[in-house]
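What follows is one structure encoded as structure tokens, with my remarks underneath.
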Amino acid sequence: MTGPTHGTAPGAPSSPPQIALLLGAVFLVYLGQMTLNPIIAPLSREVGLAEWQIGVTISTAAVVLVLTSQFWGRRSQSWGRKPVLVAAFTLAAITMALFALVSHLGMIGLLTGTGLFALFVLLRGVGFGSAIAAVPPTAQAYIADVTDDEATRVKGMAGIGAVSGIAMIAGAVVGGVLAVGGLIVPLIAVPMLLFAGLVLIAVRLRREPRHELIERPARVSPFDARVWPFLLAGFGMFTALGFIQVITGFIVQDRLGLDARMTGVLTGAALFAAGVGLVVAQAVIVPRSGWSAPTLLKVGAPIAVAGFAVYAVDGGPVLLFAALVVMGLGLGIAMPGYTAGPTLLVRREEQGGLAGLTTATTGLTFVVAPTLSTALYGVWAPLPIIIGGVIMAIVAVFVLAHPRFRRPPAPPADAGA
């Protein structure tokens, strides 16, 4: 890698990396998000919003994430990780506290219709979307900065995926269990979790010395020959995921014939199943396999395709949960290949821009997929699952066929834009 190990200037004293603390920040922001996921479908029906309006809300968050991720990724290298994360967690905690208040007013009938929908979009979409956009690229850029070989970097990027999966499991449990006390309970818990993350970052995270920062981090083009095949594979994977993620609550409610409260509980259980697959993949399989980034993509994508195929079948709760475990396993194996692969091909001053670009690529998939999937679900319930499975199959063929995933990566110093 170009640049000194651990992001320090030559001859400067090296501080121990704080990877675990950065992963803790990623865990808490995703835990807040995932705690909300089991109740978002029943919440929409409880306050009188249509399925497509929830899809638009999630898509708005994705648009904001796409527009701001590269900015946050580069600022994490020029301002430092701590200022970026403090700002992100502060904004997230405030917007989700207001979202809980607005949801409560919607549930008791004091806010309805267009006004309620607009506040959902503003708070959950714009506010929370811009806040969470800062966290993954900051963590990814940091891990790329303090690791200098493929095996260590893949493990570090898998760590981000693993804590995301653990957050999915924990959020499914927390959101589902708290929903037993009413939908407002998990809504109150989310800003409290985000405030805990803010305290953790403010108290424990070191600020980098000025010599460790990069005054003008470089932009990375999505058409850069070094990275676009990875971005295209990631775009396909997360588009496929986007087609089924938001509708899971509706699938659980409609296939199993549940009321709003039990839908929250059982959707939590379904997301728990997906999270188990993800964590097994990224905490056990990926670190122990020693596979390269391209190999992870080539192994994980076909497994995910199998999960989509099973998920399309209405065969009761056991088959539904099994499909989510398989999907989580496949995507969990493939995702570190997507995030770690291009970092091995770019220079240190490009890592922040690249981290923002991979996060933006992920977010871009949620601009259209949630809205389109919820609309298609209203036409025919299996349709968004089938489309997601076809997209995932195209990704599997692409990573098996493209030369970028067959030859070893060139050193960063030799790679051109």
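Structural remarks
- Complete set of residues in the range 332-359 that are outside any helix (DSSP H, G or I) and either crowded, with 23+ Cβ neighbours inside 10 Å or aliphatic (A, V, I, L, M) (or both): G341, V346
- Those residues of the range 290-304 which are modelled with pLDDT of 95 or more and either among the aromatic types (F, W, Y) or buried (at least 24 other Cβ atoms within 10 Å of the Cβ) (or both), in sequence order: L296, L297, G300, A301, A304
- Test: residue in the range 184-202 that is assigned to a loop (DSSP other than H, G, I, E, B), surrounded by fewer than 21 Cβ atoms within 10 Å (Cβ to Cβ), over 20 Å from the mean Cα position of the chain (by Cα) and modelled with pLDDT of 85 or more: no
- Conditions (1) modelled with pLDDT under 85; (2) within 20 Å of V346 (Cβ to Cβ); (3) in contact with a Pro (Cβ under 8 Å, 6 or more places away or on another chain): number failed by Q77: (1)
- Only residues that are modelled with pLDDT of 90 or more and buried (at least 24 other Cβ atoms within 10 Å of the Cβ) were counted in the range 248-259, giving 1.
- Of all the residues in the range 1-60, those that are modelled with pLDDT under 85, of a type in the set (S, T, Y) and farther than 27 Å from L344 by Cα number 1.
- The one condition from (1) without any contact (Cβ under 8 Å) to a residue 12 or more places away in the chain; (2) under 16 Å from the mean Cα position of the chain (by Cα) that R210 does not meet is (2).
- Scanning the range 203-220 for residues that are part of a helix (DSSP H, G or I) and among the basic types (K, R) returns R204, R210.
- Put simply, of D254, D224 the only residue that is farther than 18 Å from L354 by Cα, among the acidic types (D, E) and either out of contact with any strand residue (DSSP E or B) (no Cβ under 8 Å at 6 or more places or on another chain) or in a helix (DSSP H, G or I) (or both) is D254.
- Of all the listed residues (I108, I143), the sole one being surrounded by fewer than 24 Cβ atoms within 10 Å (Cβ to Cβ) and more than 16 Å from the chain's Cα centre (by Cα) is I108.
- Annotation note: of V126, V154, the sole residue that is surrounded by 24 or more Cβ atoms within 10 Å (Cβ to Cβ), over 12 Å from the mean Cα position of the chain (by Cα), β-branched (V, I, T) and part of a helix (DSSP H, G or I) is V154.
- Residue in the range 260-281 that is of a type in the set (K, R) and either modelled with pLDDT of 95 or more or not in a helix (DSSP H, G or I) (or both) present: no
- Test result for G300, without any contact (Cβ under 8 Å) to a residue 40 or more places away in the chain and outside any helix (DSSP H, G or I): no
- The range 235-253 residues that are more than 18 Å from I333 (Cβ to Cβ) and acidic (D, E), paired with ones that are at pLDDT 90 or above and not in a helix (DSSP H, G or I) (beta carbon under 9 Å, 6 or more apart): none
- For T90, the test of being surrounded by fewer than 22 Cβ atoms within 10 Å (Cβ to Cβ), touching a residue at least 40 places away in the same chain (Cβ under 8 Å), over 20 Å from L49 (Cα atoms) and polar (S, T, N, Q) is passed.
- Looking at G171, G161, G127, just one residue is of a type in the set (G, A, S) and modelled with pLDDT of 85 or more, and that residue is G127.
- Residue identified as in a helix (DSSP H, G or I) and either within 15 Å of the chain's Cα centre (by Cα) or farther than 23 Å from G249 by Cβ (or both) among T362, T371: T362
- Hey, T35 surrounded by fewer than 24 Cβ atoms within 10 Å (Cβ to Cβ), part of a helix (DSSP H, G or I) and of a type in the set (V, I, T) or not: no
- Members of the range 157-183 found to be part of a loop (DSSP other than H, G, I, E, B) and β-branched (V, I, T), listed by number: V180
- Near pairs, Cβ below 9 angstrom, 6+ apart or cross-chain, from the range 311-322 (on the phi < 0 side of the Ramachandran plot) to any residue that is part of a loop (DSSP other than H, G, I, E, B) and among the aliphatic types (A, V, I, L, M): D314/A381; L319/V313; L320/V313
- So I39, is it farther than 21 Å from F195 by Cα and in contact (Cβ under 8 Å) with a residue 24 or more places away in the chain: no
- Taking the numbered list (1) at pLDDT 85 or above; (2) touching a Ser or Thr at 6+ places or on another chain (Cβ under 9 Å) in turn, R216 passes all entries but (1).
The values are calculated or read from the model by the stated rules, or taken from the named source; none is laboratory data. Because the structure is predicted, anything quoted here is derived from the model rather than measured. For neighbour counting, all protein chains shown are included, and Cβ atoms are generated from backbone atoms with ideal geometry for every residue, glycine included.
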